[in-house]
């Protein structure tokens, strides 16, 4: 299967603080990759490097076979890389539809008629069509999380990066969001999902990687990776010598 993303020895440091340490992995087209690791492990920094909001010190990022390592964040977005953020920050005085329209017209550069149609389709996909004319500041937390998804999807991504999108939700809300993400998966979009709510991640991910201090320490099938003693020691605080 064709590769949509490849990181090759990606490194980034801020003085003595290393957030990416020769990080390497591949993502196939249509694959869903889960990412876990302790707070401060460099997970969000990895997304910043992939999207281009932060430049790598060393290494290479290939997207659909093209080297995007020095490409601007705007160009990467237009090529098909989109993301959500841990804390949703919509344009709170604009409607839900106006929020996603910004992504379609400025992110994907869609012409007006095409943008309108695409936005309505993405609001339907993410369960927000009934809220299209509501002011986004009035949305519940789940609604704002869904809007994060819809805005990213309106940029027409080939690769969708989700950063702790289930955080703060109730069990029922989390289940509903997982269903939406699995529906998005069925469209063929490749996904990388950083998440601390592991059971939600395992409901979607084909593969799991674990990072610590910016370095990949495990990569494999989700259940086998979670069962690793090294992963349990680093991520869950289990003593590997017990």
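Rule-based calculations on the coordinates, nothing more; no lab input. Just so we're clear, the structure is a prediction, and the values are computed from it rather than from any experiment. No Cβ is skipped: glycine too gets one built from the backbone with ideal geometry, and neighbour counts run over all protein chains shown.
So how tilted is helix 112-125 from the main axis of the chain? Cα-based, degrees 0 to 90, rounded to 10.
On a 0 to 90 degree scale, this one is about 60.
Could you check the simple spin-label distance between residue 198 and residue 141, using points 7 Å along Cα→Cβ, in nm with one decimal?
2.1 nm
Taking the number of other C-beta atoms within 10 Å as the exposure measure, put 224, 121, 173 in order starting with the fewest.
Fewest-to-most ranking of 224, 121, 173: 224, 121, 173.
Cα atoms only: what Rg and Dmax, in Å, come out for segment 87-156?
Gyration radius and largest Cα-Cα distance of segment 87-156: 10.5, 31 Å.
By how many degrees, between 0 and 90 and to the nearest 10, does the Cα long axis of helix 171-185 differ from the longest principal axis of the chain?
80 degrees
Where in segment 156-193 does the amide nitrogen come within less than 16 Å of the point 7 Å from the Cα of residue 86, taken along Cα to Cβ?
Residues 162-169, 193 qualify, since their backbone N sits under 16 Å from the label point.
Over segment 124-240, what lengths in whole Å, largest first, do the semi-axes of the equivalent ellipsoid take, defined as the square roots of 5 times the eigenvalues of the alpha-carbon gyration tensor?
Here the semi-axes work out to 30, 15, 12 Å.
So for the chain, averaging the separation of alpha carbon pairs under 8 Å that are six or more residues apart and normalising by length, what relative contact order in percent results?
On the way: 474 pairs, mean separation 62.8, N = 242.
Worked out over the chain, it gives 26 percent.
Sorted from fewest to most neighbouring beta carbons within 10 Å, what does the list 122, 46 look like?
Least crowded to most crowded, the residues run 122, 46.
Relative to the first principal axis of the alpha-carbon coordinates of the chain, what is the inclination of helix 141-154, with its axis defined by its Cα atoms, in degrees from 0 to 90 and to the nearest 10?
80 degrees
How large are Rg and Dmax for the chain when only the alpha carbon atoms are used, in Å?
Values for the chain (Cα only, Rg and Dmax): 17.8, 62 Å.
Return the percentage of antiparallel bridges among DSSP beta bridges fully within the chain, rounded to the nearest 5 %.
Within the chain, antiparallel bridges account for around 55 percent of the total.
Tell me, 47, 97, 91 in order of fewest to most beta-carbon neighbours within 10 Å?
91, 97, 47
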